[in-house]
Amino acid sequence: LQSDSGLFAVPQHAINYLESHDDNTMSDFIRIATGEAKEGIKVKASNFKLSERQLALNKLAALYLFAAQGPVMIHEGQEFARSKVVAATTAMDTKVGTIDHNSYEKDNETNYLNYEHRELNRDLYDYYRGLIALRKTYPSLLGSASKAQIMFAETKSDFMIACRITAAANIASFVPPVLTTQKDTRAAAKSIMVLLNGHQKSAMETVLPAGNWRVLANAAKVSTAASGEVVPQGKISVPPVSGMILIEE
C-alpha cells in the first residue's frame, strides 16, 4: 500500500496471479523446475499428466494464491495444468513437440485448451473449484481482510508462513510472534489460520490458538466448514510442500 511506501492505494488495486499469457504456464514452469521436463527437448504425451511432486507444488501454489488479499486472476487452463507444447502445422518449425514459453504468434493447438487434459488432472481441477468456493464463502477473511486483521507468527524457515486472519473485534486475541492461547470472548466472527510450507524437506510445526479448529483445506482436498476435520488446539504439523487453511469453531 502507499501508506507503507508501496504502489497501491488499496489492496484491490493489486492483482494476484500465478501465470498470465506470457512466458511458461505455471505447470510448465514446475515441470521444468523439477527436472521432469526439459525446455527445448521434445516431451512425451505423459508430460501432460502431473506427477505426484508436480501436483503437490501446483496445489501449494494455488493455496498461496487463494489465501492472498485482493483480487485473484486465473489464466486459462491453469486449473488443470495446461501445458504449452508446440503443435505441428504446415509451417516449418523445429520446435514442434517442445514446451513453448512464448507462444503469442501461434493460432493453433499450442494455445488451444484441450479439455482431455482437465480429466488427466481432475484432482487439481477439483482443488481449484474448492478454493474458489472457499473464497466466496469467507470473503471478509480470504480476499478482503484489512492489514490490521492479519497477524503473522514466527516460523523456523523463510519457506514457511503461518498467519491468523481475524474479525476486527478479535484482533486483540492474537499477539505476534507467538500464537496466543488466550481465548477472546468478544469474538463474534470466526478466525482463519493459513499455514503454508514451501520447504522441500522439513515439516512445519506451529501452535494453534485455543479452541477447536476445522480444516477447510489441506494437501488432499478443500472442504466446507460443515465437513472438514476438527483439529483440537495445540501443535499442528504441516508436511513439506503443502499447506492448510483452518477455521475457528
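Taken over region 31-63, the criterion of being surrounded by fewer than 16 Cβ atoms within 10 Å (Cβ to Cβ) and either of a type in the set (D, E, K, R) or under 16 Å from the mean Cα position of the chain (by Cα) (or both) is satisfied by GLU36, LYS38, GLU39, LYS42, LYS44, LYS49, GLU52, ARG53. GLU109: among the acidic types (Asp, Glu), under 17 Å from the mean Cα position of the chain (by Cα) and open to solvent by 60 Å² or more (accessible area, probe 1.4 Å), yes or no? When the stated conditions are applied, GLU109 does not pass them.
Taking the criterion of being open to solvent by 50 Å² or more (accessible area, probe 1.4 Å), within 22 Å of PHE66 (Cα to Cα) and not in a helix (DSSP H, G or I), the residues of region 1-17 that qualify are LEU1, LEU7, PHE8, ALA9, VAL10, ILE15, TYR17.
Selection of region 208-248 for residues being touching a residue at least 40 places away in the same chain (Cβ under 8 Å) and assigned to a loop (DSSP other than H, G, I, E, B) yields PRO209, ALA219, LYS221, SER223, THR224, ALA225, GLN233, PRO239, PRO240, VAL241. Beta carbons closer than 6 Å, at least 6 apart along the sequence or on distinct chains, pair a first residue in region 79-108 that is on the phi > 0 side of the Ramachandran plot and in contact (Cβ under 8 Å) with a residue 40 or more places away in the chain with a second that is of a type outside the set (Gly, Ala, Ser) and surrounded by fewer than 20 Cβ atoms within 10 Å (Cβ to Cβ) for GLY97/LYS42.
Collect the residues in region 115-138 that are of a type in the set (Lys, Arg) and surrounded by 14 or more Cβ atoms within 10 Å (Cβ to Cβ), keeping them in residue-number order.
Residues satisfying the conditions are ARG118, ARG135.
Taking the residues in region 220-249 that are touching a Lys or Arg at 6+ places or on another chain (Cβ under 6 Å), of a type outside the set (D, E, K, R) and farther than 17 Å from THR155 by Cβ as candidates, determine which candidate is surrounded by the fewest Cβ atoms within 10 Å (Cβ to Cβ). Applying the filter and picking the extreme gives VAL230. Going residue by residue through region 18-29, is there one that turns out to be without any contact (Cβ under 8 Å) to a residue 40 or more places away in the chain, charged (D, E, K, R) and on the phi < 0 side of the Ramachandran plot? No, there is no match, as no residue in region 18-29 is without any contact (Cβ under 8 Å) to a residue 40 or more places away in the chain, charged (D, E, K, R) and on the phi < 0 side of the Ramachandran plot.
The values are calculated or read from the model by the stated rules, or taken from the named source; none is laboratory data. These numbers come from a predicted model, not from an experiment. When we count neighbours, we look across all protein chains shown, and the Cβ atoms used for this are built from the backbone with ideal geometry, even at glycine. Remember, those area values only see protein heavy atoms, side chains included, never the ligands or the DNA or RNA. Shrake-Rupley method; radii C 1.70, N 1.55, O 1.52, S 1.80 Å.
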